[in-house]
Each structure stands twice: as C-alpha cells, then as structure tokens.
Amino acid sequence: MAPRRRHAAADPASTAPLPTGDEKTARVRAMFDTIAPRYDLMNRLMTFGLDQAWRSCAVGALALPEDALVLDLACGTGDLSRLARRSGYRVVGADLSAGMLAANGASTPLVEADGSRLPFVDGAFDGLVCGYALRNFTDLAATLSECARVLRAGGRLAVLEVDAPTSRLWRAGYDVWFNRAVPALGGALSDKEAYHYLPRSVAYLPPAPVLRRMLIEAGFSAVGIRPLAGGLSQQVVATRTGSR
C-alpha cells in the first residue's frame, strides 16, 4: 500500500481569525512598531515604486492654498508629510505607533494618537491626508467622525487605500503578488507575521458605496472614490460640510 501523502500544515499567521476591538488596536500598534525600520523599503518593493506617485496624487487632490495646515493621519515614516511640505503646506503628523513616529523623518510636529480619539480642537486643520491605514483603524466610523471634527468647514480630505483590479488577468496577478509574494518578501526582509496580516486586513475595508455613506454620515460631502493604476490602489477625496 502506498504511503498516505501528508499535507503541509497551514501557516497559523494566515489562518488565525482577524483581531477586533482592543485586541486589534494592540496588535496593529505592536506590528507597526516592529516593521517601522524596513517600512519604506517594503512599500517601494510591494508597489514597484508606484506608491510615491499615488501619494503625490493624494496631496495634489487637497487643492488648498499655500501655508494651509494639514494633518497626516497614520503618518508612519512621513512619506505624505514630506510631499505635503514640498507643496507649501504646514503639516502635523499623528500615528498610533511610537515605533513609526521614531522612524519618521519628515521634520514635522508629531503626536502619538488613536485615530478615533484625536487630541486636536474642532476645526484645527484645513486638510487631512491618510495613506493606507483605513483598514487598520479599530473603529473606522469613529475615526472618520474625528477626521470631520478636526477639519474646518470646507476643509479637504484625501485618503489612499489598497484596492483590487477588476480585470480578471490583472486580478490573478495581483492575488499572487499581494497574497503570496508579499508575505514571503516581508518574511525575508522584515516581519513574516506582519506581512501575512497586511494582505488579510483588506477584509476590514468596507465596499466603496458603504465607505461613501460612512463619510457622508461623518460630515463630508462631494465624496469621490476612484481607482488608481487599474485598481491596484484607490483614492478617496471629500470636503468637510459646514455642519454635522
């Protein structure tokens, strides 16, 4: 009798339930503390350098006067902050991860803060940018409400997030790269568990119609959501209404 073939054990990092509530907040903070030293390198490799062009597009979408005050929420190592400063804006960065703030090289004021409880007065900012962090906020509705609160009436929000191509061919390649190659690359260069989690965290993202409704309920209007590079990424732009 032929020996029975043994199946490889599933990687616990790829099958464990996604965390929620306080557990998610703690896991996200610890994960970004860990990956901060190689975060920029991994971003360039994961996107083949396209993320820099997407970030420039988001900053340009603010379309604010020079010297406007902009909050870079979940600022990480400061990519968006640096681009916003080059556009003539004054910038404040906020992030949940102390490790990310320690690695931030944007030469802007920095605040360690949870997106759902921002330590700023109402209407403090003219604009707000956020790069690839919506899925990492534990309470997205509360975070969007806080974004509206700290923006003045008429203030602008520009957000980048991951997306998935609609073309069948592009989607197949995307799935192989994002769900298989990226975790392997992250394991070799940074932290294996974190880069297994990041592709799976897309499950936290609401569909575009739901996200649009959440933004309107939070206090935004003129919400625009558009794919970038055939759906490899997406940009969300909205304007703070005059009243909630």
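Keeping to the range 145-181, report how many residues are touching a Lys or Arg at 6+ places or on another chain (Cβ under 9 Å) and within 24 Å of Thr25 (Cβ to Cβ). Number of matching residues: 10. It is to be established whether one or more residues within the range 199-217 are surrounded by 14 or more Cβ atoms within 10 Å (Cβ to Cβ), more than 18 Å from the chain's Cα centre (by Cα) and either at pLDDT 95 or above or under 14 Å from Pro19 (Cα atoms) (or both). Yes, that holds for at least one residue. Considering the range 222-244, the residues that are within 13 Å of Leu144 (Cβ to Cβ) and assigned to a strand (DSSP E or B) include one that is farthest from the chain's Cα centre (by Cα), namely Arg240. Within the range 18-29, can you find the residues that are surrounded by fewer than 18 Cβ atoms within 10 Å (Cβ to Cβ), assigned to a helix (DSSP H, G or I) and among the aliphatic types (A, V, I, L, M)? Matches in the range 18-29: Ala26 only. Mind checking whether some residue in the range 151-167 is part of a helix (DSSP H, G or I), of a type outside the set (Gly, Ala, Ser) and either touching a residue at least 40 places away in the same chain (Cβ under 8 Å) or out of contact with any Pro (no Cβ under 9 Å at 6 or more places or on another chain) (or both)? The answer is no; no qualifying residue exists. Write out, first by first residue and then by second, each pair whose Cβ atoms fall under 8 Å of each other, whose residues are 6+ apart or on separate chains, and whose first residue, in the range 189-206, is part of a helix (DSSP H, G or I) and of a type in the set (Asp, Glu) while the second is at pLDDT 90 or above and surrounded by 15 or more Cβ atoms within 10 Å (Cβ to Cβ). Pairs that qualify, where the first residue is part of a helix (DSSP H, G or I) and of a type in the set (Asp, Glu) and the partner is at pLDDT 90 or above and surrounded by 15 or more Cβ atoms within 10 Å (Cβ to Cβ), are Glu193/Met31.
How about the range 59-144: which strands (runs of 3 or more DSSP E) wholly inside it have at least 3 residues that are closer than 19 Å to Val28 by Cα?
90-95, 110-112
Of all the numbered requirements in (1) part of a helix (DSSP H, G or I); (2) surrounded by 14 or more Cβ atoms within 10 Å (Cβ to Cβ), Ala172 misses one, and that requirement is (2).
Can you name the residue in the range 30-51 that is modelled with pLDDT of 85 or more and among the aromatic types (Phe, Trp, Tyr) and is also surrounded by the most Cβ atoms within 10 Å (Cβ to Cβ) among such residues? Within the range 30-51, the match that is surrounded by the most Cβ atoms within 10 Å (Cβ to Cβ) is Phe32.
The values are calculated or read from the model by the stated rules, or taken from the named source; none is laboratory data. None of the values given here were measured: they were computed from a predicted structure. With ideal geometry, Cβ positions are generated from the backbone for all residues, glycine too; neighbour counts draw on all protein chains shown.
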